[in-house]
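Reading through the structure tokens given below for one structure.
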Amino acid sequence: MGRKVFIIGIGAGDPDFVTVQAVKTMNRVDVFFIPDKGSEKADLAQLRLAVIERHVTGRAFRIVTYRPPARRAAGGDYEGAVDDWHAQLAAEHGRLIRDELGETGTGAFLVWGDPTLYDSTIRVLETVRRAGKVAFDYEVIAGISAVQALAARHRVALNAIGQSILTTTGRRLLAEGFPDNAGSVAVMLDAGQSWKDADGDLDVYWGAYAGMADEILVSGKLRDVADEIGRIRAEARRRKGWIMDTTLLKRPARDAE
């Protein structure tokens, strides 16, 4: 048996979002790799540690922290900036797997939400594996995404009857607008709040720090609550130094049926 790495989705912030499958997997892990993103985001590392403390029992393990590289400003070359960043991450992840797992150890990266939705860890580990400098196998454990957590906390279905759902980024929504062929749009990675200039008649369900102690939820007609969301978001980011938020836009029910 060689090295094994697990990419484990741990949900959107509440340790209770961790699935039974994830708990069972965490209790097979020898080394947990925890990113250190500096003092402003120290509570993100603490939340990962809280998940481990809550769910790993009766097993010896090690915590290895590492400082992930920062992504350079994209300018007009967004894809190039991401490619460079992923290459740097792959070099660091490869080093961690080689140096910390020995020949037969088991390691894990704990990913917020679900590893298959707007997260780079799968791509990064594929890059490491294709490079062939360190031998390992890996497995992905699904988690509860921020989109799912947001909809559940607002008690709203993501889809409208007979309508499709688009999950996109703020960058893409800004460029393309609300699609004609979708009843709902879930917007992630949206530092610029691209949704604020959309049709004011849309229903908006917004949330930050879903599942965490300082969770914030706002909903209503976009025209009525857009400014309120912007104000609350700015205050929360200023207070904590970072923000994780997600927005769901839905056509009014009479238009979606």
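The values are calculated or read from the model by the stated rules, or taken from the named source; none is laboratory data. Model, not experiment: these values are computed from the prediction. No Cβ is skipped: glycine too gets one built from the backbone with ideal geometry, and neighbour counts run over all protein chains shown. For accessibility, only protein heavy atoms count, side chains too; no ligands or nucleic acids. Shrake-Rupley method; radii C 1.70, N 1.55, O 1.52, S 1.80 Å.
The residue list Met26, Gln148, Thr247 was ranked by how far each Cα lies along the charge dipole of the chain toward its positive end, using unit charges on Cβ atoms, and Met26 comes out on top.
Computed in the context of the full set of protein chains, the accessible area of segment 15-85 at 1.4 Å probe radius has 48% of its extent on carbon or sulfur. A simple packing score, the average count of other Cβ atoms within 10 Å per residue, orders the peptides 161-167, 122-128, 147-153, 179-185 as 147-153, 122-128, 179-185, 161-167, with the highest score first.
Residues within the reach of a label modelled at Leu49 (point 7 angstrom out along Cα to beta-carbon, backbone nitrogen below 17 Å), restricted to segment 1-43, are 15, 31-43. Each Cα pair under 8 Å and six or more residues apart adds its sequence gap; the mean of these over the residue count of segment 37-145 is a relative contact order of 22 percent. Distance between the C-alpha centres of segment 156-223 and segment 231-250: 13 Å, rounded to the whole angstrom. Simple rule: put +1 on each Lys or Arg Cβ and -1 on each Asp or Glu Cβ in the chain, find the dipole, and look at Pro35, Thr65, Leu166; the Cα lying farthest toward the positive end is Thr65.
Local charge for Pro69 was computed over the other residues whose Cβ lies under 10 Å away, with Lys and Arg +1 and Asp and Glu -1, and equals +1. Positive end of the dipole of the chain (Cβ unit charges, origin at the Cα centre): among Leu47, Ala175, Leu189, the Cα lying farthest that way belongs to Leu47.
Across segment 145-161, rounded Karplus estimates of 3J(HN,Hα) from the backbone phi angles (6.51 cos²θ - 1.76 cosθ + 1.60, θ = phi - 60°) give 6, 4, 5, 4, 4, 4, 4, 5, 5, 8, 6, 9, 6, 5, 9, 9, 4 Hz, Gly and Pro being marked x.
Modelled spin labels at Asp77 and Ala175, positioned 7 Å past Cα toward Cβ, are 1.7 nm from each other. For segment 1-145, a/c is not less than 1.5, where a ≥ b ≥ c are the root eigenvalues of the C-alpha gyration tensor, and a/b does not top b/c. That puts it in the oblate class. Restricting to bridges with both residues inside segment 128-257, how much of the DSSP beta-bridge set is antiparallel, in percent to the nearest 5? Roughly 75 percent of the beta bridges in segment 128-257 run antiparallel, per DSSP. For the cross-link pairs Lys4/Lys240; Lys196/Lys240; Lys4/Lys24, the ones whose C-alpha atoms lie over 26 Å apart are Lys4/Lys240. Taking amide H atoms as placed 1.01 Å from N in the peptide plane, the amide H of Gly113 lies under 5 Å from those of Ile10, Gly11, Ala12, Gly13, each 5 or more residues away in sequence or on another chain.
Each Lys and Arg adds +1 at its Cβ and each Asp and Glu adds -1 at its Cβ; summed about the Cα centre, the chain shows a dipole of about 660 debye. Our coupling estimate for segment 25-33, obtained by passing each phi through the Karplus curve with A = 6.51, B = -1.76, C = 1.60 and θ = phi - 60°, is 5, 4, 7, 10, 8, 8, 9, 9, 9 Hz, Gly and Pro reported as x. Close amide H partners of Asp119, meaning residues 5 or more places away or on another chain with modelled amide H under 5 Å apart, do not exist here. Summarising the strand pairing of the chain, around 40 percent of its internal DSSP beta bridges are antiparallel. If you take the Cα centroid of segment 50-70 and the Cα centroid of segment 110-124, the two points sit 17 Å apart. Average accessible surface for the chain: 51 Å² per residue, computed with a 1.4 Å probe over protein heavy atoms with every protein chain in place.
Put a plus charge on the Cβ of each Lys and Arg, a minus charge on the Cβ of each Asp and Glu, and nothing anywhere else: the dipole of segment 171-257 about its Cα centre is then about 380 debye.
A simple spin-label model places pseudo-atoms 7 Å from Cα toward Cβ; at Glu103 and Arg123 they are separated by 3.5 nm.
Put simply, the amide H of Gly211, placed in the peptide plane, has no neighbours under 5 Å, leaving out anything fewer than 5 places away on its chain.
Straightening the chain between Ala70 and Gln21 buys 14.5 nm, computed as 0.36 nm per residue apart minus the Cα-Cα spacing.
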